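The values are calculated or read from the model by the stated rules, or taken from the named source; none is laboratory data. The shown structure was predicted, so the numbers you read here are calculated from the model rather than taken from an experiment. With ideal geometry, Cβ positions are generated from the backbone for all residues, glycine too; neighbour counts draw on all protein chains shown. Just so you know, the surface numbers come from the protein's heavy atoms only, side chains and all, with ligands and any DNA or RNA stripped out. Shrake-Rupley method; radii C 1.70, N 1.55, O 1.52, S 1.80 Å.
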Amino acid sequence: TPALVLALGNGIIAPALPVYVRSFNVTFAVAALAIVLYQAGAFVCAFPTGYLLDKIGRRPILLAGPIILAVTSLLIAFSETFEQLLVLRFIGGAAEQMWMMARLAVISDTAAARQRGKQITWMAALNRVGDLGGPAVGGFLAAAFDVRIPFVIYGIIVFLAIVHSFF
């Protein structure tokens, strides 16, 4: 499911992100911006996404979020500057928030009242599974291949996960 894949992807990049960020020769304090800006993107995007969900519908946002997230992840792997990486992390955080809010809205709209809690619980549980398993996969990929590979894998698996959503 997309919930598992998005969480798995975030977990996959977790061990690679600090090493990759440090490759830009920035201090630890500045490197923290890669995490802060991801969360800031999610925060800033929350209110406009709620408006757009009602204005243009759930499906376009549900599809756009993961597509944008996959593209930004792939682009991060090839960032040439730290500033470029930060902008892409901000956009990625916004994109993940778009998907999350759209998914919750779809559950609210389509699930029977007695099923909503169960569906949200399953989505949250799959997030945790991805968060737990992803770092082991990402650490292996970064160590075995290159520190940028987890970002490429993240982008690819998100694209694969949303293919199902199109149908």
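What the table below lists for this structure:
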item	result
Derived scalar couplings ³J(HN,Hα) [the stretch 61-70; Karplus, 6.51 cos²θ - 1.76 cosθ + 1.60; whole Hz; x for Gly, Pro]	6, 4, 8, 5, x, x, 4, 4, 4, 5
Separation between Cα centres of the stretch 16-32 and the stretch 96-134, rounded to whole Å	32
Selected from Pro150, Pro135, Pro48 as most flexible by GNM, with the chain as the system and alpha-carbon contacts under 10 Å	Pro48
Theoretical gain in end-to-end length, Arg116 to Thr27 [0.36 nm per residue, Cα-Cα removed]	27.6 nm
Reciprocal mean inverse distance between Cα atoms of the chain - Kirkwood radius, Å	16.2
Karplus-derived 3J(HN,Hα), 6.51/-1.76/1.60, for each residue of the stretch 110-123, Hz, glycine and proline x	10, 7, 4, 3, 7, 9, 4, x, 5, 5, 5, 4, 5, 4
Probe 1.4 Å, all protein chains present, accessible-area order of Glu96, Glu83, largest first	Glu83, Glu96
Contour minus Cα-Cα distance for Phe145 and Val19 (0.36 nm per residue)	44.0 nm
Debye log10 I(q)/I(0) at q = 0.17, 0.27 Å⁻¹ for the stretch 81-125, Cα point scatterers	-0.57, -0.90
Estimated vicinal HN-Hα couplings, Hz - the stretch 39-46 in sequence order (Karplus 6.51, -1.76, 1.60; Gly, Pro = x)	5, 5, x, 5, 5, 5, 7, 4
The stretch 57-103 - convex hull of the alpha-carbon atoms, volume per residue in Å³	48
Semi-axis lengths (Å, descending) of the ellipsoid that matches the C-alpha gyration tensor of the stretch 100-167	31, 15, 7
Ellipticity estimate at 222 nm from DSSP helix runs (n ≥ 4, -39,500 (n - 2.57)) divided over the chain, nearest 500	-28500 deg cm²/dmol
Solvent-accessible surface (1.4 angstrom probe) belonging to Arg58, in square angstrom, nearest 10	60
15 Å reach of a label modelled at Leu132, 7 Å along Cα-to-Cβ, counting backbone N of the stretch 6-50	7-8, 11
